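Working notes for the structure below.
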Amino acid sequence: MPIPFEGGCHCGAVRYICSEEPTTVVNCHCGDCQQIAGSAFITGVLVPEGSVKVSGELKSYRVKADSGNGITRNFCPICGTRIMVELEGGVGVGVSYTTLDDSSWLEPAIEFYTSKAQPWINLCSNTEKLTDMT
């Protein structure tokens, strides 16, 4: 597992480096993640709060997640790439899996909101499956 690991947005205006090992990698199937991704789920790399250093400008907005907790989505204002989310409740920061320079060493460990997964999705056989979050 390469630590630190790095990534950035599609246009290159935003870069980040994470100094700590991920706590877990998740696939989230909630309605909010499906809508924001324009896909059936989002894969996120959860890391400890304060472990991500960003260079470049981020824009953000706050929404209420399906759990009822607040979530702040941070993205590149030029190309719109989702960079990371700040999760209310102290569970850390979620870095967008698709923004990593090399994501080959990561594998999802948890599937969130499996009750909302699209019927044509085959869930990973080696993950913990949670139907809903509280």
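Throughout, read-outs are computed from the coordinates displayed, never taken from laboratory work. Given the structure is predicted, the values throughout are model-derived calculations rather than measurements.
See the values below:
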quantity	calculated
Mean residue ellipticity (222 nm) of the chain, computed from DSSP H runs ≥ 4 via -39,500 (n - 2.57), nearest 500	-1500 deg cm²/dmol
Gaussian network model of the chain, Cα within-10 Å springs - most flexible of Val54, Val63, Val93	Val63
The chain: most fluctuating residue of Gly31, Gly92, Gly68 per GNM, C-alpha cutoff 10 Å	Gly68
Equivalent-ellipsoid semi-axes of region 42-111, from the Cα gyration tensor, Å, largest first	18, 17, 12
Rotationally averaged projected area of region 5-129 (alpha carbon convex hull; nm²)	7.4
